[in-house]
Amino acid sequence: MASNLPPKPTLEHSTTTSGGLAHEHHERPRGMLRWLLTTNHKEIGTLYLIFSLTMFFIGGIFALVVRAELFQPGLQLVQPEFFNQMTTMHGLIMVFGAVMPAFVGLANWMVPLQVGAPDMALPRLNNFSFWLLPVAFTLLLSTLLMPGGGPNFGWTFYAPLSTTYAPPSTTFFILSLHMAGISSILGAINIIATILNLRAPGMRLMDMPLFVWTWLITAFLLIAVMPILAGVITMMLMDINFGTSFFNAAGGGDPVLFQHLFWFFGHPEVYIMILPAFGIVSAIIPTFARKPLFGYASMVYATASIAILSFLVWAHHMFVVGLPLVAELFFMFTTMLIAVPTGVKVFNWIATLFQGSITFETAMLFALAFVVLFSIGGFSGLMLAIAPADFQYHDTYFVVAHFHYVLVPGAIFAIMAGVYYWLPKWTGHYPDERLGRWHFWMSVIGVNLTFFPMHFSGLAGMPRRIPDYALQFADFNMVSSVGALMFGVSQLLFVWGVIKCVRGGEKAPAKAWEGAEDLEWSVPSPAPLHTFDTPPDFKPVTH
Amino acid sequence: MSGGSYYVPESSKWPALGSLAVGTMMVGLGALLVHGRGALVMTLGLVAVLSVMYLWFRDVVHESRRGLYDAQMDRSFRWGMGWFIFSEVMFFAAFFGSLFYVRTFAVPWLDGEGAKGVAALLWPDFTASWPLLNPPSADISGPHEAVSPWQLPLVNTLFLVSSSITLTISHEALKEGYRLTARNWLIGTLVLGISFLVVQGFEYYEAYAHYGLTLQAGIYGSTFFLLTGFHGLHVTIGAITLAVMLGRIIKGHFTRDDHFAFEAAAWYWHFVDVVWIGLFLFVYVF
Ligand code: HEM
Ligand SMILES: [Cu+2]
């Protein structure tokens, strides 16, 4: 299967070092303590990635509980109360525990290597950002065992469901989200400081790889909106525990205020989960098309415009809540406007492929699937953006289909593409292509089986977040559930592939991929613990 | 230690201990709020958080004084502090945004105004006003009086604005190498900051004891205490930071051109001051 791939670059032909590489450092703590106390960006990156993978499986199991219940109409496996907790926890864990930490982990590993920095700008803070997460998510998961159960109001936790009618554990949910939020803000500050301050001499902003650019902008978004989330959950905490009236009309407040605050955070948040993905894909496609990225500058400007626009579209999630007409129109048009810079990106990727000498390594397969399937999610987003049409689609499975297309074959495929792409740099071995292809095809088929039918059941009116449904949706749901199981199981192949690659495999040279040009490919594979102790010589590549 | 000039610390135990401490504090706080017990755990956590902060910062001060930090490190700290303050700005933006939303939309709509005036059906007798002294539902008893801006809040505005000025004088003195002058003006700043907190505490007492203005008194009380409360918390943090800087000035830690810790504390203080101006205008005056 893998035989039609080009030969890998040979070990000899690789450049060995550039920039100062480290001599052995001081005696370091060993065993568990080493990981607990580390300040090294590579180790912390690894911790983030392992954490994220763990959460991915926990969140995945919750999703499978949901899909198992929805396999057939009627109530068979779980109580509706528990079903609600499963949908809610699935969303929360995937968003805050799996996707976001995965990107932070990749940033930890790759940003210093791509800008030629010795480490992150604030290494101890980096360690703090990471270790807040296991604490936060242990607390979050423990709410499932508390009296009254865990969060059951959806990952968007709308008031008054999450205040007046919420289980007692909601206070713990709020506090754990506070910790995750602090972790994100501190992590983002660190990434921004690294990018702005620790670039190799001679690397201008417009010389940076796109993964670095997209993370710079993502970090800005994180610092701008995570505090809004902190604010809104603080107001919830006060409504619940101190009798304030923020989201209570009886006292002059307004539950709709909750939605405004949440989505002012929430929409930029979805871009937080996709911009770094754009960066990864923009690194992989040129490498395996053996052509420089088409339209580098326009990619940067498109990313920046998406980030700015993302502050002006939040109420497209609230078309049916009863907004004044001007607001409906304003948010409809700004939302559609976002499709323009997004389209610029998709065209640039396609133009990069045009006349390239393309090979289909696993990383490239995931990146190409990303372009196609993410675009499907973008298109369904455009349909949802049409306010009058959204009156029909809102809170149906069509929305579920939309955001899963942008998040699963979008964000998560990009993360996996990035892992396959950088594994040689991390481990010194190439991932097994055969296993990679099995993983890829099983995932692509599984994802589409799961989420494509949801478009139809949604358009026909099947509501989301309900454990039972009318008989006419039975076939679509059965297909979705089978697909979900297939997707879930195939992720075990991913774990197997990664473990195999860590333990051995074909040796990779410094420049592991023939077409890869960025700075990380100038240090040996596996990258030693300390790289670029003295800044490398940076020669700008012309974009 | 690395061969390069950028200082990358070897492993440190404070971050991991810090997150454990934060976790303990949160579990204690949650248990206190939900089950009414947990004060001990929370206090333990808080003490642990403060101790870790103390030890962590102490390490940083030592490293700085040993000359391990170069100009690039200094810039990392500057970017770090700058973006941290930006995150705080956004935190307050959420609260100011809520205040504006409630005042321009939610409350008037409840009185039947505008496109969404059907909300008036809920409580037909309700009349909108701001400050809202008569919450829609009779279950919630509103305050009988609003806080006048021209008494204690005005005094407090004078305190905080002048504290920003005295702090700037202290900073200028430090930059010129007049350590004693810097110390004295910093003491002045702290006195003003603490006076602010005392006055604020008195205002809260008045609100609770005489105005019936409480957290439970409807949306006016909610927004009032949310904004002034979090601001007051920030003044407290800022004052503690400045007190630490005072100690470090007295110990002679700062030189004319190397005193970023002081500058960072000053940035923070000015930020807190600017937030107060916003509060004074939109919570009290208008
Ligand atoms: C062309 C770009 C996009 C457009 C026009 C768009 C539009 C929309 C609209 C109008 C909704 C609200 C539908 C409703 O609730 O009735 C929505 C929901 C959603 N979108 Fe998008 N979207 C786009 C891209 C993305 C991306 C890139 C992501 C994430 C990576 C994303 C994640 C989500 C999520 C998570 C929800 C549902 C939230 C919930 O209610 O639980 N979208 N989108
Ligand atoms: Cu959105």
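Helix A:275-289 sits at what angle to the longest principal axis of chain A, using alpha carbons and giving 0 to 90 degrees rounded to 10?
40 degrees
Quick one: P(r) of segment B:10-68 from all Cα-Cα pairs, 10 Å bins, percents rounded to integers, in order of increasing distance.
In order of increasing distance, the bins hold 26, 38, 21, 11, 3 percent.
In peptide A:164-172, how many Cβ atoms from other protein chains are near each Cβ within 10 Å, on average? Could you put the intermediate results ahead of the total?
Working: counts 0, 0, 0, 1, 4, 2, 2, 8, 7.
Whole-number average of other-chain Cβ neighbours for A:164-172 is 3.
With a 10 Å radius around each residue's Cβ, average the other Cβ atoms per peptide and rank A:282-288, A:253-259, A:496-502, A:528-534, highest first.
A:282-288, A:253-259, A:528-534, A:496-502
Buried accessible area for the A:B pair, summed, 1.4 Å probe, in Å² rounded to 100?
Values: alone 21400 and 16100 Å², together 31850 Å².
Using a 1.4 Å probe on protein heavy atoms, the buried area is about 5600 Å².
Averaged over peptide A:222-232, how many Cβ atoms belonging to another chain are found within 10 Å of each residue's Cβ? All intermediate terms of the calculation are to be shown ahead of the outcome.
Numbers: counts 2, 7, 6, 3, 3, 9, 7, 3, 4, 11, 3.
Per residue, the average neighbour count from other chains is 5.
Under 13 Å from the Cβ of B:K116, count the other residues' Cβ atoms, weight Lys and Arg +1, Asp and Glu -1, and hand me the total. All intermediate terms of the calculation are to be shown ahead of the outcome.
Numbers: positive: none; negative: A:D254, A:E328, B:D111, B:E113.
That sum, taken over residues with Cβ under 13 Å, equals -4.
Nearest 10 degrees, 0 to 90: what angle lies between the long axis of helix B:152-176 and the longest principal axis of chain B (Cα atoms)?
20 degrees
Any idea what diffusion coefficient segment A:98-208 gets from Stokes-Einstein, in µm²/s, Kirkwood Rh on alpha carbon pairs, 10 °C, 1.306 mPa s? Please list the in-between numbers first.
On the way: Rh = 15.9 Å.
In µm²/s, the coefficient rounds to 100.
What's the average, rounded to a whole number, of partner chain beta-carbon atoms within 10 Å of each residue's beta-carbon in B:217-224? Present the calculation step by step, with values, prior to reporting the outcome.
On the way: counts 5, 7, 12, 3, 5, 13, 6, 0.
Taking the mean over all residues of the peptide, I get 6.
Dipole size in debye (nearest 20) for segment B:32-86 around its Cα centre, Lys and Arg Cβ +1, Asp and Glu Cβ -1? Working shown, then result.
Numbers: 6 positive and 4 negative charges, 23 e Å.
The dipole magnitude comes to about 120 debye.
Stokes-Einstein D for the protein assembly as shown at 10 °C, 1.306 mPa s, Kirkwood Rh over Cα pairs, in µm²/s? Kindly include the intermediate steps, with their values, before the conclusion.
On the way: Rh = 28.4 Å.
Estimated diffusion coefficient is 56 µm²/s.
So what is the relative contact order of segment B:71-285, in percent, for Cα pairs below 8 Å that sit 6 or more residues apart? Could you put the intermediate results ahead of the total?
Details: 224 pairs, mean separation 50.1, N = 215.
For segment B:71-285, the relative contact order is 23 percent.
Tell me, what is the Rg over Rh of segment B:208-286, with Rh the Kirkwood radius over Cα pairs? Display every interim value, and only then the final one.
Numbers: Rg = 17.1 Å, Rh = 14.6 Å.
Rounded to two decimals, Rg over Rh is 1.17.
Could you tell me the extents of chain B's C-alpha atoms along the three principal axes, largest first, rounded to whole Å?
74, 42, 37
Hand me the chymotrypsin sites (Phe, Trp or Tyr not before Pro) from segment A:169-246 located in a DSSP loop with no more than 10 other Cβ atoms within 10 Å, in residue order please.
On the way: sites: A:F172, A:F173, A:F211, A:W213, A:W215, A:F220, A:F242, A:F246; in loops: A:F246.
Here no loop site has a sparse enough neighbourhood.
Beyond 20 Å between alpha-carbons counts as too far, so tell me which of A:K507/A:K539; A:K42/A:K345; A:K291/A:K511 fall in that bin. Don't skip to the answer; put the middle values down first.
Values: A:K507/A:K539 27 Å; A:K42/A:K345 30 Å; A:K291/A:K511 16 Å.
Correct reply: A:K507/A:K539; A:K42/A:K345.
For A:W314, what is the net charge nearby, where nearby means another residue's Cβ is under 15 Å from its Cβ and Lys, Arg count +1, Asp, Glu -1?
Working: positive: none; negative: A:E269, A:E328, A:D390.
Spelling it out: positives minus negatives among the neighbours equals -3.
Would you mind checking which residues have amide H under 5 Å from A:H429's amide H? H placed 1.01 Å from N; only 5 or more apart, or other chain.
HN-HN under 5 Å from A:H429: A:A508.
If you take the Cα atoms of segment A:210-255, find Rg, then find the Kirkwood Rh from the mean of 1/r over all pairs, what is Rg/Rh?
Numbers: Rg = 16.1 Å, Rh = 12.4 Å.
Reported Rg/Rh, Kirkwood definition of Rh: 1.30.
Angle check, please: helix A:362-385 long axis (alpha carbons) against the longest principal axis of chain A (alpha carbons), in degrees 0 to 90, nearest 10.
The two axes meet at around 30 degrees.
In whole percent, what relative contact order does segment A:37-522 give with Cα contacts below 8 Å and a gap of six or more residues? Mind showing how you got there, number by number?
Numbers: 783 pairs, mean separation 80.6, N = 486.
Averaging sequence separation for qualifying contacts and normalising by length gives 17 percent for segment A:37-522.
Over the protein assembly as shown, average the accessible area per residue using a 1.4 Å probe and give it in Å², no decimals. Walk me through the intermediate numbers first.
Numbers: 31850 Å² over 829 residues.
That works out to 38 Å² for each residue.
Segment A:37-522: D in µm²/s via Stokes-Einstein (Kirkwood Rh, Cα pairs, 10 °C, 1.306 mPa s)? The partial results should precede the final answer.
Numbers: Rh = 22.9 Å.
Rounded to a whole number, D works out at 69 µm²/s.
The values are calculated or read from the model by the stated rules, or taken from the named source; none is laboratory data. In this text the structure is predicted, and so the values were computed from the model without any measurement. Heads up, the Cβs are rebuilt from the backbone with ideal geometry, glycines too, and the neighbour counts pull from every protein chain shown. For the accessible areas, the whole protein counts, side chains as well, though only heavy atoms, and no ligand, DNA or RNA atoms are used. Shrake-Rupley method; radii C 1.70, N 1.55, O 1.52, S 1.80 Å.
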